[in-house]
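In what follows, a single structure is set out as C-alpha cells and then discussed.
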Amino acid sequence: MPRCAWYVVAVLLLASISSNIDRQILSLLVVPIRRDLGLTLTQYGSLVGLPFAIFFSVMGLPIARAADRGNRRNIITGGIALWSLATAACALAGTFWRLLLARIGVGVGEAALQPPAASLLADYFPRDRLGGAMGVYSMGIFVGSGLAYFIGGWIVGLVSAQESWTLPLIGAIRPWQTVFAVVGAPGLVVAMLIAFTVREPARRGTARTGVPLAALTAYVRANAQTFTTLCFGFALSATVNYGIAAWLALFLVQKHGWAVSRAGMVQGSLTMTVGALGVVLGGRLADRLTRAGKVDAALRVGIIGSLGMLVSATAYPFAPTATIAVWWLVLVNFFAAFPWGAASAAAVEIVPAPMRAQSAALFLFVLNLISYALGPVAVAAITDHVFHRDSALPYSLAIVNVVGMSGAIALFVFGMPAYRRTFIARDRWISPV
C-alpha cells in the first residue's frame, strides 16, 4: 500500500481526534459553565443533545452531495477550520444564545468531515484494505472522546481548587474558557496540513462525479433492507454506547463512591486506549473476512461486537467492587468500539462510487439522530418512570444494553442475504450489462 495513502489516514485521524474532542468537551464542563452563565438543565441539554445532533446530521446530507460532485479535500479543510474557530468562540460566549450559536458552528463544521473522508479513503484503498484503514481513522472517535473525558475530569478537579486565572493582556479567565481556546487551536493546524499536503485522488471505479438525487433515491429503495440493516442495526449499537457514556461517571460515583474527576479520568483512559485498540482490530478482522470472500464482513464484525457487549455491558453494573467493574469496563470499551471501522467502510462500499459520500451521510443521519435522542434518555426514563429511584441506574443500564444489542444482532443476522445481494446490484450499476 503506498505510503501516501497511510499518510492521508494519519492526517484524517488527527482531524477526527480534534473533532471528537471539540464535540464532547462541552458535556464534561457542565458544572462550571452552568454556574458562570446561569444556565438551566434544559438550556444545557440543548447545547449537548438533540439540537446539536440535528444540525450535525442534517447538514451532512447537502455537504455530502457536494463532496460527491466536487473536491473532497477542500470541503474537509473548510469544515475543520469552521469547527475549530467555533470551538474557540465558545470561550468568548457570555450568554446561552452565543454559546448555542457557537455550538451550531461546531456541528456544521464537523458535518463536513466523515462523509467526504470516508469517500476519500475508499479511493485511496482497495476494498480488502479499506476496513483496516477505516479502523485506524475511526480511532479518532475513541482517542478524541477519551481525551475529552480525561480533560473534563482534570478540569472538574481544577475548578474546585481555583476559580479563575489571570492572564496578561486578557485579565481574569475561567479554566473552562481556557479549555475551549486550547482544544480549538490544533484543528487549524490540521486544516492547513490537509490543504497543503493531501491530494484529491481519482475516483475509483468510475469517472463520474455525482449522480442525480432521483438515482440515489431509487438505489436506496431498491436496496431498502440492506440500508435498514446497516443504519438501524448500528444505530441500536450506538444508542447503547451513548447511554453508557452519558451515565457511566454517575454510576461510578453513586455505586462505588468515586469522585467525579476520578470517574472522568478512568473513563477517558479506557476509551482512548482499549477503545482505540478495539476499533483497529475490528477493521482488520473485516479485511480478513473480505479477503476470504465474505462480502458481509461488516455485519459479521457487528455481531461479534454486539455479543461481546451483551455479556460485558450487562455484567459491569452489578460488579460487587469498583475494581471488578473496571475490569468488565475494559471489555465494554473493546467491544463497543470493535465494529465501527467495518461499519464506516460498509457505508461507502454498499453504493456505487459516485454516491459514497451521500451514503455515508445517510448512515450518519440515521445513526446520530437515533443514538443521540435515545441513548442517554432511555437510561434516564427507565430509571425515573419504571423503577422510580436513582439507585436503580445499574438496572437501567443493563436493560438498555440487552434490548439494544439483541435488536442489533437480529437486524444483522436477518439482513445478511439482502446485504450480499446489494453488492451484485452495486456492481451492475457501475458496469451496466
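The values are calculated or read from the model by the stated rules, or taken from the named source; none is laboratory data. As the structure is a prediction and not an experimental result, all values here were calculated from the model. Heads up, the Cβs are rebuilt from the backbone with ideal geometry, glycines too, and the neighbour counts pull from every protein chain shown. What goes into the accessible areas is simple: the full protein's heavy atoms, side chains included, and nothing from ligands, DNA or RNA. Shrake-Rupley method; radii C 1.70, N 1.55, O 1.52, S 1.80 Å.
Here is a yes/no grid of residues against (1) crowded, with 23+ Cβ neighbours inside 10 Å; (2) in contact with a Phe, Trp or Tyr (Cβ under 9 Å, 6 or more places away or on another chain):
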site	(1), (2)
V366	no, yes
D390	no, no
P394	no, yes
V400	yes, no
S406	no, no
F414	no, no
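Which of the numbered conditions does I324 fail, given that it passes all the others? Conditions: (1) touching a residue at least 60 places away in the same chain (Cβ under 8 Å); (2) in a helix (DSSP H, G or I).
(1)
Look at D22 and say whether it is touching a Pro at 6+ places or on another chain (Cβ under 7 Å), of a type outside the set (G, A, S) and assigned to a helix (DSSP H, G or I).
no
Scan segment 348-358 and tell me whether some residue there is open to solvent by less than 50 Å² (accessible area, probe 1.4 Å) and within 30 Å of P320 (Cα to Cα).
no
How about segment 213-239: which of its residues are over 24 Å from the mean Cα position of the chain (by Cα) and either surrounded by 18 or more Cβ atoms within 10 Å (Cβ to Cβ) or of a type in the set (S, T, N, Q) (or both)?
L216, T217, Y219, N223
Tell me the residue from A342, A357 that is of a type in the set (G, A, S), in contact with an Asp or Glu (Cβ under 7 Å, 6 or more places away or on another chain) and in a helix (DSSP H, G or I), please.
A357
If you go through segment 240-265 one residue at a time, how many are open to solvent by less than 10 Å² (accessible area, probe 1.4 Å) and under 17 Å from the mean Cα position of the chain (by Cα)?
Of the residues in that region, 2 qualify.
Looking at this structure, is G135 in a helix (DSSP H, G or I), open to solvent by less than 30 Å² (accessible area, probe 1.4 Å), within 21 Å of L369 (Cα to Cα) and not hydrophobic (A, V, I, L, M, F, W, C)?
no
I need the helices (runs of 4 or more DSSP H) fully contained in segment 41-116, keeping only those with at least 3 residues that are touching a residue at least 40 places away in the same chain (Cβ under 8 Å) and open to solvent by 40 Å² or more (accessible area, probe 1.4 Å).
Hits in segment 41-116: 50-69, 72-90.
Filtering segment 117-127 down to residues that are of a type outside the set (D, E, K, R) and part of a helix (DSSP H, G or I), which residue is farthest from I33 (Cα to Cα)?
Among those that are of a type outside the set (D, E, K, R) and part of a helix (DSSP H, G or I), it is Y124.
I want to confirm something. Restricting to segment 26-44 and keeping residues that are of a type in the set (A, V, I, L, M) and under 25 Å from the mean Cα position of the chain (by Cα), which single residue is modelled with the lowest pLDDT?
L41
Any residue in segment 182-193 that is within 14 Å of L82 (Cβ to Cβ) and open to solvent by less than 20 Å² (accessible area, probe 1.4 Å) sitting within a Cβ distance under 9 Å of a residue that is at pLDDT below 90 and not in a helix (DSSP H, G or I)? List the pairs, counting only those 6 or more apart or interchain.
G184/A91
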